[in-house]
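Readers should treat all values here as calculations from the given coordinates under stated rules, not as data from a laboratory. Predicted model only: the values in this text are computed from it and were never measured. Positions of Cβ are backbone-derived with ideal geometry, glycine not excepted, and every protein chain shown enters the neighbour counts.
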């Protein structure tokens, strides 16, 4: 959560969701009952994040590069599981942060992203959003 401030957390709160986070090591956290992890995890940690969430049986919605679903580790983790996808109609762009402060707003992302959902129970397995 960088410095603890997040436009995404503010947006979800404005939509009526109870948003919480902890500064403790994510990989030491146990399952939180009645909670869904919604995150744009650093892509370099995705494998470890997926492994941890699956190990503790924690439902999640994670923003990922679309190529993530083609990796060997993803296949091995979820080949027997039901995953659902939320696919944006356009590229998502990312801001650059240094020491918790936005230093650059980018609008030229070179890759596509999607949201991978596990144990969420969406009406459709593939969901398109604007």
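Things to note:
- Number of positions in segment 6-45 that are on the phi < 0 side of the Ramachandran plot and not in a helix (DSSP H, G or I): 24
- Where strands (runs of 3 or more DSSP E) sit wholly within segment 52-130, those with at least 3 residues that are touching a strand residue (DSSP E or B) at 6+ places or on another chain (Cβ under 6 Å), within 22 Å of residue 8 (Cα to Cα) and without any contact (Cβ under 8 Å) to a residue 60 or more places away in the chain occupy 60-65, 83-88, 101-105, 113-118, 126-129.
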